[in-house]
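Student: Got a structure here, written out as structure tokens. Questions coming.
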């Protein structure tokens, strides 16, 4: 915790207080009634009221001291540090179309492809204490798509909220109008988010936006189990856009040509085989090759984890270490105490130390 004054020049007003104290002492003066002798009065001693007669003036001076310190704007600061070294900016692009409801085995459980992808991705970012070490120094963002892409999590260094964002990723209903696969639009949106990653980092760290934050490596990890069948941009167009902006696209095909999906009926759970065109491996490989990325097919959770381990081992580039102070105003206690002293002074002058002219 650090302390500073927002307007330290105001403290020069403290130099006036000794002069004010001297003026108050000079103003007291002597009595106006003459006595032949005051010896008996001196032997009688002084009462508690007489001993504390200076208290109102002292409270007045303390009030002025506190007001001056409040005007100097004391501020408390906490240093926030992002020791970001060898970091990259990563946008996860995850298919949430209905076919992602097909099941995969994950650590002894039968989960949908989408749930498996979410869990492996969370282990990739946070680490699992084994083969995946986590990515604490990377900017991580996430985009989910079916017919239309949505930004689920903006690029951020604060990964603590990632679990909450992942919980909100749901498959679209099978018979919904949105149940389609617009891969090109999703990749284009992710590329646009990464293009402005430096500005995003500058805003999060509250640094001067004129300063350049260089991120030498920007990566999109695309996971899908289908082929593009809608959207304004083709996968080839999105790949050209990413390549133009220096962004790698690693593509992962999830599952195979078909899968098994569990559904609930009035007579219990039923398993039915999902058909369809499956992963468009040729298009995904072409997208990865056009941007300098890799393509891998993950038929199960184990192979999906292996792909993430491979990406995790790739070269990491440098991001400047960011240190800044987060200050907040701390003048309120001084003002409250000054008002308390002023109130006490007024009460004392009107009661115990009241003077009759």
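The values are calculated or read from the model by the stated rules, or taken from the named source; none is laboratory data. Just so it is clear, the model here is predicted, and its values are computed rather than measured. Glycine gets a Cβ as well: all are built from the backbone with ideal geometry, and neighbour counts include every protein chain shown.
Student: Regarding the range 312-323, can at least one residue be identified that is modelled with pLDDT of 90 or more and in a helix (DSSP H, G or I)?
Tutor: no
Student: Also, quick follow-up: Quick check on residue 74: is it surrounded by 11 or more Cβ atoms within 10 Å (Cβ to Cβ), modelled with pLDDT of 70 or more and touching a strand residue (DSSP E or B) at 6+ places or on another chain (Cβ under 8 Å)?
Tutor: Values: surrounded by 11 or more Cβ atoms within 10 Å (Cβ to Cβ): yes; modelled with pLDDT of 70 or more: yes; touching a strand residue (DSSP E or B) at 6+ places or on another chain (Cβ under 8 Å): yes.
Answer is yes for this residue.
Student: Here are some conditions: (1) modelled with pLDDT under 80; (2) on the phi < 0 side of the Ramachandran plot; (3) not assigned by TED's automatic domain parsing to the domain that holds residue 307. Residue 137 meets all but one. Which one does it not meet?
Tutor: The failed condition is (3).
Student: Restricting to the range 169-184, what's the tally of residues that are in a loop (DSSP other than H, G, I, E, B), buried (at least 20 other Cβ atoms within 10 Å of the Cβ) and out of contact with any strand residue (DSSP E or B) (no Cβ under 9 Å at 6 or more places or on another chain)?
Tutor: Result for the range 169-184: 1.
Student: What pairs can you find where one residue is in the range 57-79 and outside the structural domain of residue 8 (by TED's automatic domain parsing) and under 20 Å from residue 21 (Cβ atoms), the other is surrounded by fewer than 17 Cβ atoms within 10 Å (Cβ to Cβ) and modelled with pLDDT under 90, and their Cβ atoms are less than 6 Å apart, with a gap of 6+ or different chains?
Tutor: none
Student: Just to be sure before I move on: is residue 154 part of a strand (DSSP E or B) and more than 20 Å from residue 231 (Cβ to Cβ) in the structure I sent?
Tutor: yes
Student: Still on this structure, I have one more. Go through (1) in contact (Cβ under 8 Å) with a residue 60 or more places away in the chain; (2) over 24 Å from the mean Cα position of the chain (by Cα) for residue 129 and report which single condition fails.
Tutor: Of (1) in contact (Cβ under 8 Å) with a residue 60 or more places away in the chain; (2) over 24 Å from the mean Cα position of the chain (by Cα), only one is false for residue 129: (1).
Student: Suppose we filter the range 132-151 for residues that are under 18 Å from the mean Cα position of the chain (by Cα), outside any loop (DSSP other than H, G, I, E, B) and either free of Cβ contacts under 8 Å to residues at least 40 places away in the same chain or exposed (fewer than 13 other Cβ atoms within 10 Å of the Cβ) (or both); how many remain?
Tutor: The total comes to 0.
Student: Now for a separate question. Which residues, counting only those in the range 185-194, are touching a strand residue (DSSP E or B) at 6+ places or on another chain (Cβ under 7 Å) and more than 12 Å from residue 92 (Cα to Cα)? Let's see the steps before the verdict.
Tutor: Quick first cut of the range 185-194, residues touching a strand residue (DSSP E or B) at 6+ places or on another chain (Cβ under 7 Å) only: 185-187, 189-191, 193-194.
Hit for the range 185-194 is 185, nothing else.
Condition check ((1) modelled with pLDDT of 90 or more; (2) under 30 Å from residue 340 (Cα atoms); (3) touching a helix residue (DSSP H, G or I) at 6+ places or on another chain (Cβ under 9 Å)) across all residues:
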position: 65; (1), (2), (3): yes, yes, yes
position: 79; (1), (2), (3): no, no, no
position: 94; (1), (2), (3): yes, no, yes
position: 98; (1), (2), (3): no, no, no
position: 131; (1), (2), (3): no, no, yes
position: 149; (1), (2), (3): yes, no, yes
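Student: I would also like to ask the following. Just the residues that are in contact with a strand residue (DSSP E or B) (Cβ under 7 Å, 6 or more places away or on another chain) and either modelled with pLDDT under 70 or over 20 Å from residue 97 (Cα atoms) (or both), please, taken from the range 270-286.
Tutor: 270, 271, 272, 273, 274, 285
Rundown of residues vs (1) at pLDDT below 90; (2) under 15 Å from residue 94 (Cα atoms), yes/no style:
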position: 233; (1), (2): no, no
position: 241; (1), (2): no, no
position: 249; (1), (2): no, yes
position: 257; (1), (2): yes, no
position: 266; (1), (2): yes, no
